[in-house]
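If you scroll down you'll find the structure; I have some questions about it.
The values are calculated or read from the model by the stated rules, or taken from the named source; none is laboratory data. Please read these numbers as outputs of a predicted model, since none were measured by experiment. Every residue, glycine among them, receives a Cβ derived from its backbone with ideal geometry; neighbour counts consider all protein chains shown. Please note that ligands, DNA and RNA were not included when accessible areas were found on the heavy atoms of the full protein model with its side chains. Shrake-Rupley method; radii C 1.70, N 1.55, O 1.52, S 1.80 Å.
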Amino acid sequence: MALVEIENLRKVYPGSVVALADLMLVVEEGEWVAITGPSGSGKSTLLHLLAAMDRPTSGALCVAGLDLGALGPRERARYRRETVGLVFQQYHVIPYLTVLENVMLAQYYHSMPDAVEAQTALEKVGLGYLARRLPSQLSGGELQRVCIARALINHPPLLLADEPTGNLDAANEEIVLDLFDTLHAAGHTLVVVTHDESVAGRAHRRLRLEHGALASDVRQTPAGAARQIPAGASAGG
Ligand code: ADP
């Protein structure tokens, strides 16, 4: 079933900057999609529109059956709380709160803070044992996994990430990408903007934007899964 349906999507910024030019795209539930493309090709604009942080100029953008262009302010806020989880390059954690409290703070915006549920979310990303630490006592890779736990706290159908490994060394990047694989295997839909080949190589579908339009759309055997898929088996999306 389609989770994201985009038709003739256009975003024009003031000064007549065309960031997205009549984009067409469907993302099915459960897909792990990387969005690549040169700087200025519209990747972040697309992610912001999918997160309902900005509005399209024209065209249709539907996520989980909701027409984002038609939502009022309260419905957009609700959409951001319930339908999408966001992960950024910067961690945006509160330095004087523990890891557990940082995850609970996200719950506070979504629903009721619940320490048991927050602890379970941390365990899902393999960090239950670090719940009482402060962010300054964690590595970059661990912090990014906390952010992923936080993004998933309300079980959103769509996880959006903007250069999620941009601040990580190769070993920590690998750990975060393994976590994406696990989330994908558990049925999450992932849309990840990246300029990093090793990140794009782990997705099951790779889109390339150029000048705000889709220049290529390739289903691929992901680098991580290539180890597990028997020779001759197809790895389509
Ligand atoms: P990417 O993420 O691929 O680097 P962006 O989506 O950030 O591309 O930008 C696409 C185009 O839109 C670029 O020409 C950029 O300069 C322009 N742009 C992005 N955000 C704004 C903005 N808030 N106001 C005006 N122009 C913008």
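Quick one: net charge around S41, please, counting Lys, Arg +1 and Asp, Glu -1 for every other residue with C-beta under 13 Å from its C-beta.
Local charge sum for S41: +2.
Sort H92, H211 by accessible area with a 1.4 Å probe, largest first.
From most accessible down to least: H211, H92.
HN-Hα J couplings of the stretch 195-207 from phi, Karplus 6.51/-1.76/1.60, θ = phi - 60°, integer Hz, Gly and Pro as x?
10, 9, 4, 6, 6, 4, x, 8, 6, 8, 9, 10, 9
If you find the alpha carbon centre of the stretch 90-151 and of the stretch 174-201, how far apart are they in angstrom?
Answer, in whole Å: 19.
For the stretch 63-139, which trypsin sites (Lys or Arg not before Pro) pass both filters: DSSP loop (anything but H, G, I, E, B) and at most 11 other C-beta atoms within 10 Å?
R132
Still on this structure, I have one more. For R132, what charge total do you get from the other residues with a beta carbon under 15 Å from its beta carbon, if Lys and Arg give +1 and Asp and Glu give -1?
Net charge in that neighbourhood comes out at -2.
What is the stretch 2-219's relative contact order, in percent, from Cα pairs under 8 angstrom and six or more apart in sequence?
Answer for the stretch 2-219 is 30 percent.
Find out how many positive minus negative residues lie around H204, taking Lys and Arg as positive, Asp and Glu as negative, among other residues whose Cβ is under 9 Å from that of H204.
+3
When DSSP assigns beta bridges and you keep just the ones with both residues in the chain, what percent turn out antiparallel, to the nearest 5?
55 percent
A further question follows. Taking N as the number of residues in the stretch 2-219, what is its Cα Rg relative to 2.2 N^0.38 Å?
Cα-based Rg divided by the globular estimate yields 1.00.
With n ≥ 4 as the cut-off for DSSP H runs, can you work out [θ] at 222 nm for the chain, using -39500 (n - 2.57) per run divided by the number of residues, rounded to the nearest 500?
Estimated from H runs of four or more residues: -9000 deg cm²/dmol.
Taking loop as defined by DSSP and a crowding limit of 14 other beta carbons within 10 Å, which GluC sites (Glu not before Pro) in the stretch 44-137 fit?
When the GluC sites (Glu not before Pro) of the stretch 44-137 are filtered for loop state and at most 14 Cβ neighbours within 10 Å, nothing remains.
For L152, enumerate residues with amide H under 5 Å from its amide H, sequence gap 5+ or separate chain, H modeled in the peptide plane.
none
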